[in-house]
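Encoded as structure tokens, the structure appears first; notes follow it.
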Amino acid sequence: MSFPGSGLAKGLAVTLRTMTKRSVTAQYPDVQPDLAPRTRGVIGLFEENCTVCMLCARECPDWCIYIDSHKETVPPAAPGGRERSRNVLDRFAIDFALCMYCGICIEVCPFDALFWSPEFEYAETDIRDLTHERDKLRDWMWTVPEPPALDPAAEEPKEIAAARKAADKLAAQQAAEAAAQDEKQSENRNGNQKAPDTEEEGT
């Protein structure tokens with residue numbers, strides 16, 4: 001059975017315990033904080049991987065990704081081939097005033113062109129300056145940390161397993177062709193060596 005004022009006494013006890021502990025102040029910005037490995041700061045753009053598929057802009061729930069592009073004609077790689085067209089990125093911008101850091105754009109990108117960067121110092125005095133263009137997003141790409149090492153007990157990814165199987169099959173095929181070619185050359189050498197012997201016996 002609680003007596004009157006027990007809640008107040010418990011609260012004061014917590015306050016007294018906290019008062020006796022030494023306070024620790026983060027010396028930011030002189031000392032940078034230790035961020036978690038998967039911190040969601042800003043989004044970095046690896047422009048070379050972007051194919052302007054527009055998937056990130058379509059899937060963004062806030063519609064804060066702006067992409068402009070144009071088509072260019074690529075000459076044929078070999079004589080007699082046909083010309084092809086490809087998309088060229090003109091603008092890639094993200095409005096971080098609207099972004100809610102859900103990470104959907106990074107997850108749906110099929111070509112690994114978007115990455116999380118732990119960078120968080122991008123405050124602006126004007127909200128309109130929070131729309132960052134591709135040059136700034138490219139600069140943030142170099143702050144993206146290295147991916148963590150795979151668990152040694154984890155299964156090999158299917159893509160790597162398929163590529164390894166295809167490479168092993170190709171290597172076995174090349175080894176068989178080389179062995180057959182060596183055997184053929186050795187037979188030809190043996191045939192050339194037997195021909196003079198038969199001629200001497202005939203004479």
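Here's how it looks for L114: its modeled amide H is under 5 Å from those of F46, which are all 5 or more places away or on a different chain. Ranking D126, D90, D139, D95 from most to least accessible surface, computed with a 1.4 Å probe over the protein chains only, gives D139, D90, D126, D95.
Solvent-accessible surface of the chain, averaged per residue with a 1.4 angstrom probe and all protein chains in place: 79 square angstrom. Using only the Cα atoms of region 8-48, build the gyration tensor, take square roots of its eigenvalues as a ≥ b ≥ c, and label the shape rounded, prolate or oblate: rounded if a/c is under 1.5, else prolate if a/b is larger than b/c, else oblate. Prolate, because a/c is 1.5 or more and a/b exceeds b/c. When semi-axes √(5λ) of the Cα gyration tensor in Å is computed from the coordinates, the matching label among (1) 65, 32, 16; (2) 25, 22, 16; (3) 32, 25, 16 is (1). Partners of K21 within straight-line reach, counting lysines whose Cα lies under 29 Å from its Cα and excluding those fewer than 8 residues away in the same chain: K10.
In the chain, the portion of solvent-accessible area held by carbon and sulfur atoms comes to 55 percent [1.4 Å probe, whole percent, DNA, RNA and ligands not counted].
Longest exposed-loop-site-free stretch of the chain, with GluC sites (Glu not before Pro), DSSP loop and at most 11 other Cβ within 10 Å? Could you put the intermediate results ahead of the total?
Details: sites that count: E83, E121, E155.
Between exposed loop sites, the widest span is 1-82.
Judged by the gyration tensor of its Cα atoms, with axes a ≥ b ≥ c, region 44-157 is oblate; a/c meets the 1.5 cut and b/c is at least as large as a/b.
For E187 and D151, what is the calculated FRET efficiency with R₀ set at 45 Å and r taken between the beta-carbons, to the nearest 0.05? The computed FRET efficiency comes out at 0.30.
Ranking I43, I127, I160, I106 by solvent-accessible area of protein heavy atoms (1.4 Å probe, all protein chains present), from largest to smallest, gives I127, I160, I106, I43. Across region 21-180, Cα pairs under 8 Å and at least six residues apart give a relative contact order of 27 percent.
Computed 3J(HN,Hα) for region 35-44, one whole-Hz value per residue from the Karplus formula 6.51 cos²θ - 1.76 cosθ + 1.60 where θ = phi - 60°, is 8, 5, x, 10, 5, 9, x, 10, 10, x, glycine and proline marked x.
Given a 1.4 Å probe and heavy atoms of the protein chains only, how would you sort M19, M100, M141, M54, largest accessible area at the top? Could you put the intermediate results ahead of the total?
Details: M19 140, M100 110, M141 25, M54 65 Å².
Highest to lowest solvent-accessible surface, that is M19, M100, M54, M141.
The values are calculated or read from the model by the stated rules, or taken from the named source; none is laboratory data. Keep in mind that this is a model prediction, so the values were computed, not measured. Note that each Cβ is placed from the backbone with ideal geometry, even for glycine, and that neighbours are counted across all protein chains shown. For accessibility, only protein heavy atoms count, side chains too; no ligands or nucleic acids. Shrake-Rupley method; radii C 1.70, N 1.55, O 1.52, S 1.80 Å.
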